[in-house]
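Readers should treat all values here as calculations from the given coordinates under stated rules, not as data from a laboratory. In this text the structure is predicted, and so the values were computed from the model without any measurement. Cβ coordinates were reconstructed from backbone atoms using ideal geometry, including for glycine residues, and neighbour counts include every protein chain displayed.
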Ligand code: TYD
């Protein structure tokens, strides 16, 4: 199963502007330990290109648009365009992700379940495929 899913959050207000609230462990399936955001990505750049062993994340595109490519190494794949700032893409552990086609001015906010830990990353695709073969055994 591809442990990835689009989440829709409630947008409050209209004429006076919009407000979206996200509460840790209530609106998303984990406690938020870290947030980070990605900006100023040139349109020809592909970011990501890694998986995480333990980390759960929700990606939100606050402005602009970006395409998130996910796969589980078991031939299940999903490409999601994020362009609505009340939607988020949940990505579970052991999912290879790549982010492409950042529109000018895109702001990508990431909510994460763990503090930054480089040892949680798999950045080599061959190594990733091998790890998922072991994982799905
Ligand atoms: P990386 O996760 O590889 O970015 P992306 O997936 O968007 O391509 O992180 C880029 C750099 O930033 C890398 O050197 C690690 C560092 N970094 C931190 O120091 N803290 C963090 O919370 C994150 C996400 C990255």
Pairwise FRET efficiency - residue 104 versus residue 12, Cβ, R0 = 35 Å, nearest 0.05: 0.80
Could you give the distance between the Cα centres of the range 6-53 and the range 63-97, to the whole Å? 11 Å
Contour minus Cα-Cα span, residue 63 to residue 79, at 0.36 nm per residue, comes to 3.9 nm
For the chain, what is the mean residue ellipticity at 222 nm derived from helices alone (per DSSP H run of n ≥ 4: -39500 (n - 2.57); sum divided by total residues; nearest 500 deg cm²/dmol)? -2500 deg cm²/dmol
More than 24 angstrom apart: percent of Cα pairs within the chain: 30 percent
Degrees, to the nearest 10: 125-136 long Cα axis against longest axis of the chain: 80 degrees
Given a Förster distance of 30 Å, the FRET efficiency implied by the Cβ-Cβ spacing of residue 46 and residue 133, rounded to the nearest 0.05, works out to 0.80
